[in-house]
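Chemist: This is the structure I want to talk about, given as structure tokens.
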Amino acid sequence: MVEATNDFVQEKETIVIKGNVSAAYAAKSARVQVISAYPITPQTTVVEKLSEFVDNGLMPGTQYIKVESEHSVMASIIAASKAGTRTFTATAGQGLFYMFEMLHWASGSRLPIVTTIASRGAAPPWNIWADFTDVISCRDTGWMTAFCATHQEIYDEILMSYKICEDSDVLLPKFVAYGGFILSHTSKPVIIEDQDLVDSFLPPLPDEKGWPHIWFDPERPLMFGNLIMPSGFYYEFRMKIHDAMVRAKEKIKRVAKDFEKIFGRNYGNGLTQEYKMDGADVGMVIYGDLALQMEQAVDDLREEGYKVGMIKLRHLRPFPVEDIIEIAKKVPLLGVVDRATAFGSPTGGPVSCEVKTALHEVKGTARILPMINGLGGREVTLEQQKVQLKMLIKLNETGELPKDMLYGTLWDGLLEVK
Amino acid sequence: MVKLKEALESCLEEFFLPGNSCCAGCGLEIALRWAMKALGPNTALVSPASCLNVVVGLWPKTAPNFPFTNMAFAAAAAAATGMSAAFKTKDYRFPGKVWGEMTTLVFAGDGGTTDIGIQGLSGAAERNSDFIYCCYDNEAYMNTGIQRSSSTPHGAITTTTTLGKERYKKNLPRIMAAHEIPYVATCSVSEPLDLYEKFKKAKSIEGCKYIHILASCPPGWGIASEDSIEIPRLAVKTGSWILYEIENGELTLSKKSKPLLDPTKRAPLIEYLSRQKRFSKISEKVLIELQERLDLQWSKIADELSCQENHH
Ligand SMILES: Cc1ncc(C[n+]2csc(CCOP(=O)(O)OP(=O)(O)O)c2C)c(N)n1
Ligand code: SF4
Ligand SMILES: [Mg+2]
């Protein structure tokens, strides 16, 4: 290992990098102090890049633990975070599932851990391509969840996430998810920000005393996690997690604003990002990389005179109920595209269920057409997305539902099954 | 060997306080109290699911007077790795403070060590992560009601081996030594000074240290509370539990076990087994087999020691 220097200087530069490398640069820009990692496709190059940074002395003082499993990744990160350090890891699919028990330990301890997920399908059969079922199955673990649509957004969202998670009113862990391969393994120009600017945006690293609520310090011995009787505060602790998560919405909005002020890039209000919804007849709620191509589809159709728009969902947790209601008041019909499954649920798609729940009993809001698309990395073409938008228009105008609906949900792009 | 007086004087302070909810005569409590006397206050402890997790006190009462965290059952060694890494990075940012002197300690049961936690422990040992991992071995899952673990000895009755366990006890200290970590030691709660010394030594060594303590459990073993020192002492006297250290690969028998290389110095195994209800279903035939296995184990140790000597 190269001797680390105290002042690694990252000046602002634009480089053409893979989405995973963008995540690694963000962790470096955030000056994370403890990294723990285990390889899994399509995340692995994140932690490979970080190895390179650490080995070349570009992350002075950073401890990099190469553990033997994802369960151990999260266990080690939790302990390191409890001891008052900024931590980072990345995983995907099976690795995230293997971590599951520990996810609750992180949120239950109110730790501001940031973890990127290069989302992939769940086995069997083995599938390593984009599918958000992995991260969405962790919906109720007390982790916040953000989706990214671009390479730049990965870098930016990780920085924003540290600021949100470490806010003393929030203190919760967060996933930053993006589609495996589609973003993780393709290359685009990404602006890596000037280190001083990043330092001025982020909260300072935890001081010697650690986080306000949790620490390991022989001078202030404390014990964490003892058994608590039903008459104790377990119930109240749970309520507090929900409360913090809901209140995090305002923080997310504020951080997105701060971010735009300092770095000049806009991500809507942080929770959602509308695209050409003004004067739209119908809209599409969509998240992750599919949202990026949908913007193109909207542009193309707008040029052809169709009044369509879309809403990029940036956060699943906390769920932007208010934004969804507001948008659903603007148009009579919203499609909701899930690149994920929620088997046996009311719609079969996790986000369409959430959207329907948010709108339930709110008068004058849009009808919802749940859609599933692109599972396991199945290609979703621009043409296909344009057809989806046109289908919404037709449904809105004629009430005619598309063929091949399955229990009220459109599973678009299925192969013919004989 | 430290003198009793010296040990007591240097550690009048108790770190694991009275008022905890251990059963009377609990071996784990004795083990932790003495370990903490040796390690002192700059120690942070990780405790995976186990009796210890519970006996430390129901929230908000806590018996440990030092930093202590509960942890998921399988996660102790990995958590300790993370904690020790955090202390190192804090030492980098705040040099000259306590962070460079912190000892990270795991105190885990035999189930948490030899079964569900073995993957994480093996990983940490191979990485030579800097902490002391201590397994207090009461030879079953006591917290959940005395089920067998892979550290339960042959013949022992548990709630999941109602006729006595068929398989043999997993030899975890030797498995740990096979990871080529700098320090492995075995202890018994009946020998607190030996235990004290071994923890002192472990604290002075950088890297992954493993200490395996035989810790009596009156309800789990079917013994009287007042016998909880006498029974593990018999385990040592019969040679059934061998006290040793393996330092950088080199085996040394500890004071109480060394004389037992001479078979005539060993008390017959039955003296240890017959005092415990858990062994009440062992037949005479099995008893003879067990004695033979034990004698063979000692012959192998004698061979290993002479091989080591020849090499020098
Ligand atoms: C993942 C998981 N599986 C099972 C349990 C239930 N459990 C808690 S403690 C315990 C047994 C602990 O046995 P051991 O490690 O020997 O410690 P002891 O109770 O004997 O002190 C079990 C099975 C758990 N907490 N977590
Ligand atoms: S059951 Fe055994 S190990 Fe657990 S507290 Fe009681 S004596 Fe100690
Ligand atoms: Mg046990």
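Chemist: In region A:77-91, which residues give up 40 Å² or more of accessible area once the other protein chains are added, compared with their chain alone (1.4 Å probe)?
Modeler: Residues shielded by partner chains are A:A79, A:A83.
Chemist: Need one word for the protein assembly as shown: rounded, prolate or oblate. Basis is the Cα gyration tensor (sqrt eigenvalues a ≥ b ≥ c); a/c below 1.5 gives rounded, then a/b vs b/c decides.
Modeler: In terms of gyration-tensor shape, prolate.
Chemist: Hey, can you grab everything whose amide H is under 5 Å from the amide H of A:I17? Only 5+ residues off in sequence or another chain; H modelled, so Pro and N-termini drop out.
Modeler: Counting only residues 5 or more places away or on other chains, the set is A:K188, A:V190.
Chemist: In whole Hz, with x marking every Gly and Pro, tabulate ³J(HN,Hα) for region A:229-244 from phi via Karplus 6.51 cos²θ - 1.76 cosθ + 1.60, θ = phi - 60°.
Modeler: With coefficients 6.51, -1.76 and 1.60, one gets 6, x, 7, x, 9, 3, 4, 5, 4, 5, 4, 5, 5, 4, 4, 4 Hz.
Chemist: I need to check one value: relative contact order of region B:186-312, counting alpha carbon pairs closer than 8 Å and at least 6 residues apart, in percent.
Modeler: Value for region B:186-312: 22 percent.
Chemist: Relative contact order (percent) for chain A, with alpha-carbon contacts under 8 angstrom and 6 or more residues of separation?
Modeler: 16 percent
Chemist: Please give the charge dipole size of chain B, origin at the Cα centre, charges +1 on K and R Cβ atoms and -1 on D and E Cβ atoms. Round to the nearest 20 debye.
Modeler: 420 debye
Chemist: Could you work out the helix-only [θ] at 222 nm for the protein assembly as shown, with each DSSP H run of four or more residues adding -39,500 (n - 2.57) and the total divided by the number of residues, to the nearest 500 deg cm²/dmol?
Modeler: -11500 deg cm²/dmol
Chemist: Tell me whether chain A comes out rounded, prolate or oblate; compute the Cα gyration tensor, take square roots of the eigenvalues as a ≥ b ≥ c, and use a/c under 1.5 as the rounded threshold.
Modeler: Cα axes put chain A in the prolate bin.
Chemist: What range in chain B is the longest one free of GluC sites (Glu not before Pro) that are in a loop by DSSP and have at most 11 other Cβ atoms within 10 angstrom?
Modeler: After excluding every exposed loop site, the longest remaining stretch is B:14-165.
Chemist: I would also like to ask the following. Between A:A90 and residues 5 or more places away or on another chain, which pairs have amide H atoms under 5 Å apart, with H built 1.01 Å from N, and which residues are they?
Modeler: The list, which skips near neighbours in sequence, is A:Y38, A:T116.
Chemist: Within straight cross-link reach of B:K37, meaning Cα distance under 24 Å, which lysines are found once same-chain residues fewer than 8 apart are removed?
Modeler: B:K3, B:K5, B:K61, B:K88, B:K97, B:K198, B:K200, B:K201, B:K203, B:K209, B:K255, B:K256
Chemist: Please list the non-local residues whose amide H lies under 5 Å from the amide H of B:S280, H modeled 1.01 Å from N, same-chain partners needing a gap of 5 or more.
Modeler: B:I157
Chemist: Positive end of the charge dipole of the protein assembly as shown (Lys, Arg +1 and Asp, Glu -1 on Cβ, about the Cα centre): tell me which of A:Y275, A:F100, B:T81 has its Cα farthest that way.
Modeler: Checking the options against the dipole of the protein assembly as shown, the answer is A:F100.
Chemist: Could you size up the charge dipole of the protein assembly as shown around its Cα centre, putting +1 on the beta carbon of Lys and Arg and -1 on that of Asp and Glu, and report it in debye to the nearest 20?
Modeler: Approximately 1400 debye in magnitude.
Chemist: Also, I was wondering about something else. Straight-line reach only, C-alpha to C-alpha below 17 angstrom: list the aspartates and glutamates that A:K386 could link to, leaving out same-chain residues fewer than 8 apart.
Modeler: A:D281, A:D289, A:E295, A:D299, A:D300, A:E303, A:E304, A:D338, A:E397, A:D412
Chemist: How are the alpha carbon pair distances in region A:264-393 distributed across 10 Å bins from zero to the largest one, expressed in percent?
Modeler: Percent of Cα pairs in each bin: 13, 47, 35, 5, 0.
Chemist: Follow-up. Cross-link candidates for B:K300: which aspartates and glutamates have Cα within less than 15 Å, leaving aside residues fewer than 8 places away along the same chain?
Modeler: Correct list for B:K300: B:E250, B:D262, B:E292, B:E309.
Chemist: Given 37 °C and 0.692 mPa s, how large is the Stokes-Einstein diffusion coefficient of region B:223-312 in µm²/s, with Rh as the Kirkwood radius over Cα pairs?
Modeler: 230 µm²/s
Chemist: Expressed as an acute angle from 0 to 90° and rounded to the nearest 10, what is the orientation of the C-alpha long axis of helix A:70-82 relative to the principal long axis of chain A?
Modeler: 60 degrees
Chemist: Enter the angle in degrees (range 0 to 90, nearest 10) between the Cα long axis of helix A:151-165 and the first principal axis of the Cα atoms of chain A, meaning the one along which they spread out most.
Modeler: 60 degrees
Chemist: If ligands, DNA and RNA are left out, what is the accessible area of B:C307 with a 1.4 Å probe, given in Å² to the nearest 10?
Modeler: Answer for B:C307: close to 80 Å² accessible.
Chemist: Next question. What's the longest uninterrupted piece of chain A once you rule out the GluC sites (Glu not before Pro) that are loop residues per DSSP with at most 13 other Cβ within 10 Å?
Modeler: My reading of the result: A:12-207 is the longest stretch.
The values are calculated or read from the model by the stated rules, or taken from the named source; none is laboratory data. Just so it is clear, the structure is predicted and the values come from calculations on it, not from any experiment. Because the Cβ atoms are built from the backbone with ideal geometry, glycine has one as well, and the counts that use them run over all protein chains shown. With ligands, DNA and RNA removed, areas are computed over all heavy atoms of the protein, side chains included. Shrake-Rupley method; radii C 1.70, N 1.55, O 1.52, S 1.80 Å.
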